[in-house]
Amino acid sequence: MSRQDLDRILFDRIWDLGAQAVKDEHLSALAYATVTKPTLEEYQESHGTLQADLIKVIQLGILKLRERGELQEP
């Protein structure tokens, strides 16, 4: 599997956890950002407010992975 494929798989996993956290924690300010799931490329090409909100969803996903012990600090 290529590095790009692995990056997409990780992105999808983190996004799913972040989007679920938005839903579970009733974070209405981020709800619009999770209506559709961006591709890794769409995420990388986002700008402005949308980019900032997508980053917040990703940060929530990373936090959830860490809480599960599936991602360790470097």
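Listing for the model above:
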{"item": "Residues of the range 19-37 that turn out to be touching a Ser or Thr at 6+ places or on another chain (Cβ under 8 Å) and crowded, with 18+ Cβ neighbours inside 10 Å, as a count", "result": "2"}
{"item": "Options Ile14, Ile58, Ile9; residue that is part of a helix (DSSP H, G or I) and free of Cβ contacts under 8 Å to residues at least 12 places away in the same chain", "result": "Ile9"}
{"item": "Residues located in the range 38-65, provided they are acidic (Asp, Glu) and surrounded by 14 or more Cβ atoms within 10 Å (Cβ to Cβ)", "result": "Asp53"}
{"item": "Every residue from the range 1-15 that is open to solvent by 80 Å² or more (accessible area, probe 1.4 Å), closer than 13 Å to Leu65 by Cβ and not aliphatic (A, V, I, L, M)", "result": "Arg13"}
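The values are calculated or read from the model by the stated rules, or taken from the named source; none is laboratory data. What you see is a predicted model; the values in this text were computed from it and never measured. Note that each Cβ is placed from the backbone with ideal geometry, even for glycine, and that neighbours are counted across all protein chains shown. Just so you know, the surface numbers come from the protein's heavy atoms only, side chains and all, with ligands and any DNA or RNA stripped out. Shrake-Rupley method; radii C 1.70, N 1.55, O 1.52, S 1.80 Å.
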